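Undergrad: For reference, the structure I am asking about is given below.
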Amino acid sequence: MTYVITSACVDVMHKSCVPECPVDCIYEGLRTMYINPDECVDCGACRLACEENAIFYETDLPEEEKRHLDDNRAFFTEVLPGRDEPLGSPGGASKIGPLGVDTPMIAAMPPRTGG
């Protein structure tokens, strides 16, 4: 089980969740953040810190946000544009830094305005 970042984070990325994560499992894409489901320890600290109310436990996802569960996992398990291999579980987002790429689903979303 894991926490999932939903569409409310796209093009906003306050990153208030990042310093609260005790295992450094929140990775930065180009337009949104992603929680590594294999590194997440289900503590919920990120959800409480999120300024956009964009983070949900996977079993609590609103129906219209459920697509983000598979998409969040895809960020780590599929080869993303411009990369040669899946990101996998590198053991911490801070040592990698911003990745500058998103999953095709996020990349295809219309830009959010007025965030």
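Undergrad: Would you confirm whether or not the stretch 81-101 contains a residue that is in contact with a Leu (Cβ under 7 Å, 6 or more places away or on another chain) and not aliphatic (A, V, I, L, M)?
TA: Yes - at least one qualifying residue is present in the stretch 81-101.
Quick grid of which residues meet (1) within 16 Å of Met109 (Cα to Cα); (2) touching a Ser or Thr at 6+ places or on another chain (Cβ under 8 Å):
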{"residue": "Ile26", "(1), (2)": "no, no"}
{"residue": "Glu39", "(1), (2)": "no, yes"}
{"residue": "Pro81", "(1), (2)": "yes, no"}
{"residue": "Ser89", "(1), (2)": "no, no"}
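Undergrad: I would also like to ask the following. Quick one: which residue in Glu52, Glu78 is open to solvent by 30 Å² or more (accessible area, probe 1.4 Å) and at pLDDT below 95?
TA: Values: Glu78 fails: at pLDDT below 95.
It is Glu52.
Undergrad: Run Thr103 past the list (1) open to solvent by less than 80 Å² (accessible area, probe 1.4 Å); (2) among the hydroxyl-bearing types (Ser, Thr, Tyr); (3) within 23 Å of Pro19 (Cβ to Cβ) and report the number of the one that doesn't hold.
TA: (3)
Undergrad: Let me ask something else. On the basis of being open to solvent by 30 Å² or more (accessible area, probe 1.4 Å) and among the small types (Gly, Ala, Ser), does Gly44 make the cut?
TA: Against the criterion (open to solvent by 30 Å² or more (accessible area, probe 1.4 Å) and among the small types (Gly, Ala, Ser)), Gly44 does not qualify.
The values are calculated or read from the model by the stated rules, or taken from the named source; none is laboratory data. What you see is a predicted model, and the numbers here were worked out from it, not measured in a lab. All Cβ positions, even for glycine, are placed from backbone atoms using ideal geometry, and neighbour counts span all protein chains on display. In case anyone asks, the SASA skips ligands and DNA or RNA and just uses the protein heavy atoms, side chains included. Shrake-Rupley method; radii C 1.70, N 1.55, O 1.52, S 1.80 Å.
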